[in-house]
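Student: Once you've had a glance at the structure underneath, I'll fire off some questions.
What follows is calculated from the coordinates using simple rules that are stated; it is not laboratory data. What you are looking at is a predicted structure, and each value in this text was computed from that prediction instead of being measured.
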Amino acid sequence: MTAAATVILPTTGDRGPLLRRSVASVLRQTVTDLELFVVGDGVSPETRAVVEELVAADPRVRFVDEPKHQRRGEPYRHRILTEEASGTIVAYLCDRDLWLPTHLEELARCLDDADFGHTLRFRVEDGDVFSFTHTADLSGPDRVRRDQLPRLLPLSFAGHTLDAYRRLPHGWRATPPDQQTDRFMWDQFLDQPWVRTAASPMPTALSFKRGDHPGLSTPERLVLLERWWPRIADADGAAAVQRDVLLALWRAWRAAELSAPKPGRWRSAPRWLRRQLAGR
């Protein structure tokens, strides 16, 4: 039996309270034909109880309960994608992030004629300010090399086809200690000469400020998710958030234009951004 999308949601430790919101943002997707694997990498008993509750409530949710891995449980993801997954596309969500309802729909559109891609990369900073540092764009006509990808493309924005993943030389594997987990995986796609890349300019995922290692505590992260959840819980609210993000991007573009050393260097904003802001 196949699904339109396979979703991998890694979790660990005491993150259980976050899962009620992050998992709900997956299950409320406009693409309903999905399978969600919550991948436990050394979860606490309390987190295990939350996941079991979510599994009992929706047959699309499956729990892979594994002991703590030396890194972030990468081999557990690999086993799922090579042995169990059935989705045409594969998407990922951090347990501390949220998807807008159209994320999978937009990502599937992005991957319609590509192997690896992402939606608009941005971050929600303190004060609910949208930050566009390290914004990636894999949609150009030339095949993108790894040095064209920003230093970090967070897990929650990226996706690929299952077929492409199974053609990779390794797939998810333990990340060297001096490298970033997600980037180590994405480079594997970008190093393959046959991989087609794409990007969507639509904001579809909310990635929140992490803070320096070890980052915000679970209660602090939960405050962020609970504050944002009412804003994205229905289609109208999610559309308003998308528009707010695009407006912030427009203003960032305008600020760059005004500060450019050469007048008119960025005089024309991207056509896709003008269309989105015009509601077309």
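Student: In whole angstrom, note down how far apart the Cα centers of segment 151-212 and segment 215-255 are.
Tutor: Segment 151-212 and segment 215-255 have Cα centres separated by 22 Å.
Student: Along the three principal axes, how long is segment 1-119 when you take its alpha carbons, biggest first, rounded to the nearest angstrom?
Tutor: 41, 27, 26
Student: Additional query: Please report the Cα spread of segment 63-114 along all three principal axes, rounded to whole Å, starting with the longest.
Tutor: 35, 26, 18 Å, listed from the longest principal axis down.
Student: Could you state the per residue volume, in Å³, of the convex hull enclosing the Cα atoms of segment 193-256?
Tutor: 181
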